[in-house]
Amino acid sequence: MKNKQRIAILGGGPGGLFMFKRLVESGRTEITIDIFEKKQRLGAGMPYSAEGANDEHITNVSGNEIPSLVTPLADWIKTAPKDTLDKFHMDGGRFNEYKVLPRLLFGQYLTAQFDVLQKQAKEAGIEFTVHYKSEVTDIIDYPAQEVTYVEIGEKDRFEFDKVIICTGHNWPVKHEGTVPNYFDSPYPPVKLALKLNHPVAIKGSSLTAVDAIRTLARHNGIFDKDKNGRLFYKLAEDSQNFKMVLHTRNGMLPAVRFHLEDSHLSNDKLLTREEIAAHIAGNNGFLSLDYIFENDFKAIFRNKDPEFYQQIKDMRVEEFVDSMMELRERLDAFQLLKAEYAEAEKSIRRRESVYWKEMLGVLSFALNYPAKHLSAEDMQRLQKSLIPLISIVIAYIPQSSSEELMALHQEGVLELIQVGEDSSVTAEEKGGATYHYSDETGQNQSVYFNTFVDCVGQPHLSFEEFPFKGLISKDTVSPARLKFKSADEGRKAMADGKDVLLVIDGAYYLNVPGITINDNFQVVDRYGAFNNRVYIMAVPYIGGYNPDYSGLDFCEEASATIAKTLLPLNESSTAA
C-alpha cells in the first residue's frame with residue numbers, strides 16, 4: 001500500500017462515475033481508489049434517482065447525445081429486465097436512440113455502467129473500495145505531510161494522497177420544513193405529490209419548474225388525448241381551484257429541444273486550448289469575451305450558414321442577444337412555445353438542426369472551461385447578456401413536456417407572469433409565501449399563495465456555503481474572484497453596489513460564486529497556490545469560474561482533465 005497512490009472519489013453519482021471510468025481506463029495498478037457515496041447506490045446521483053425524479057420525469061437529452069460510457073445505451077436497453085421496461089412502457093427491441101427516456105430508467109443504466117466498470121477494475125488488478133451510506137462531512141488537507149483526510153459521518157477519518165470532490169447537486173434549505181407548504185426546491189419530487197385546491201406559485205420557468213409542473217399536474221387532474229391525438233388536461237373534481245402560476249424575471253419559457261447535428265457539444269472549428277492560452281498571454285492575462293464570440297460562434301457560420309453570418313457578422317455580443325431576444329420578448333410565452341414546438345417537430349422529423357441554437361450550446365460549453373480567465377468586466381457582460389439567452393435556448397425542453405405545458409395552459413391551469421429583476425418572495429409563518437413584484441403597468445403587487453415552490457434550478461453557491469469547513473479554516477480554498485481590467489470600472493462597479501473588493505495592489509476584483517480553481521480543477525489557496533491533492537468537479541461550488549451546467553458533457557470533460565493531471569504518464573486515460 002505504501003507504494004500505491006491513494007485516490008478518493010467523493011460522490012458516486014454521474015461525476016464520480018466518469019471519474020472512476022477514467023481511472024479504470026488508465027490501467028494503472030499502482031493506484032487504489034475509494035469511492036464514498038452517501039446513498040446505497042452508485043451512478044444515478046440526484047437527477048436520475050428518486051431523489052430527483054419520479055416515473056413522470058424524463059431526460060432532456062436523447063440516447064445518441066450521451067457521452068460514451070462502457071455499454072452503449074441502445075445495447076443496454078436490449079438486456080434490461082422486462083419488468084423494468086414494462087414499467088416505463090418501453091420495448092427494448094424498438095428503442096430509438098434519438099428520443100428522450102425516463103430519468104429513473106436512465107439512472108438504472110448509469111448504475112449498471114458503474115457495475116461494469118467495477119468488474120473491469122477487478123480484471124485489470126486495480127484496487128478499489130466502495131463505501132456506501134458514507135456522507136462526507138469534512139475534508140482536511142495537511143501540506144507538510146502531503147496527505148488529505150476525508151471525514152465520514154463526523155467521526156471516521158480516511159487518509160489519501162489525492163481527493164476528487166464529485167458531490168453533485170445541493171439545494172440549501174432556507175424555509176422548507178419550518179414554513180408549511182414552502183418548498184426550497186421541487187426535490188425529491190415525491191414531496192410535491194400534493195392534492196391541492198388552490199393556486200400554486202412557482203418561481204422560475206426552467207427545466208426544474210417543468211419537473212414540478214409534471215408532478216403537480218398529475219396529482220390534480222389527468223392528461224388524455226382527443227380523437228385527433230392532441231393532448232388535453234382535465235382537472236380533478238376536488239381540484240377545481242388548482243392552477244400553477246410561473247413567475248419569471250424575463251417572462252419566457254425554455255426553448256424546445258430539436259435535432260442536434262453534432263450530439264456531443266463539439267465542433268472541430270472551435271479554438272484549441274493552445275490558441276486560447278496564446279490569446280490570454282497576449283491580452284494582459286485576460287480572455288476576451290469578444291474574441292471567443294467572434295471565433296467560437298460567429299466565424300463558424302461563415303461557411304456553414306452564410307446567410308445567417310451576414311446577419312450577425314458585425315454584431316457584438318449584446319447586439320446579437322438583443323436581436324435574438326426581441327422576438328421572444330414581443331410574443332406571448334405560450335404563443336412562442338407553440339411556434340418553437342412546430343419548428344422542433346420539423347427539425348426532428350427531417351433530422352436537420354436549428355443551427356444557431358445548436359451553436360449557442362457549443363459556445364456555452366466552449367466558454368465554460370476558460371471563463372475563469374475573463375476580466376470582471378467581461379464576466380458581467382456575459383452574465384447580463386449571453387447567459388440569460390443561453391439558459392433559455394439550450395434548456396432543450398422535451399416534446400412531451402412542451403405538449404403538457406400547452407395542454408395545461410389551454411385548460412387555464414398554467415399561466416406565466418413576468419415579475420422583473422426587483423421581485424421578491426416572503427415566506428409566511430402560516431404557510432406558503434407572498435410574491436412581491438411590479439406588473440406590466442408599473443403597479444406594485446403583493447400576492448399571497450398557500451403553496452410556493454422555488455424552481456430557479458441549481459444555484460451557484462457562495463464561498464460561505466462551501467460545506468467542507470476544514471478546507472476553509474486552513475485556507476486551503478479561497479473565494480473565487482475576477483480582476484477588473486480597468487480600475488475605473490472597478491470603482492464604478494463598487495459605487496453601484498456590486499460585490500467588489502479593493503486589493504492592496506490597487507486592483508479591483510469582482511467576487512463571484514464559489515471557490516477558486518485552476519484549469520486542472522485543482523483548488524487554489526488564499527495565496528494563489530494550487531493544491532495538487534484536492535480536485536473539485538462539484539458544479540454548485542465552482543459556478544463563478546464555470547458558469548455553464550452541461551450535465552454529463554461537463555462530467556466527461558472535467559474528468560478527462562483531472563485524469564490527465566493525476567496520471568500524466570498515461571495518455572490513454574485522457575481520451576475524451
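If a/c stays under 1.5 just call it rounded; otherwise compare a/b with b/c (prolate if a/b is bigger, oblate if not). Do that for the stretch 409-500, with a ≥ b ≥ c from the square roots of the Cα gyration tensor eigenvalues. It is oblate, given that a/c is not under 1.5 and a/b is not larger than b/c. Which lysines have a Cα less than 29 Å from the Cα of K227, not counting those fewer than 8 places away in the same chain? Within the straight-line cut-off, K227 pairs with K87, K99, K195, K243, K338, K346. Relative to one another, the C-alpha centroids of the stretch 117-183 and the stretch 259-335 are positioned 38 Å apart. Taking packing as the residue-averaged number of other Cβ atoms within 10 angstrom, the listed peptides 164-176, 123-135 run from highest to lowest as 164-176, 123-135.
Charge tally for F286 (other residues, Cβ to Cβ under 14 Å; Lys, Arg +1; Asp, Glu -1): +1. Here the stretch 422-488 is treated with +1 on each Lys and Arg Cβ and -1 on each Asp and Glu Cβ, and its dipole about the Cα centre works out to around 500 debye.
Here Cα extents along the principal axes in Å was computed from the coordinates, and among (i) 121, 50, 48; (ii) 69, 63, 57; (iii) 96, 61, 54 the match is (ii).
None of the figures in this text is laboratory data; all of them are computed from the coordinates on show. Note that the structure is predicted; figures quoted are calculated from it, not measured. As a convention, Cβ positions derive from the backbone with ideal geometry for all residues, glycine included, and neighbour counts pool all protein chains shown.
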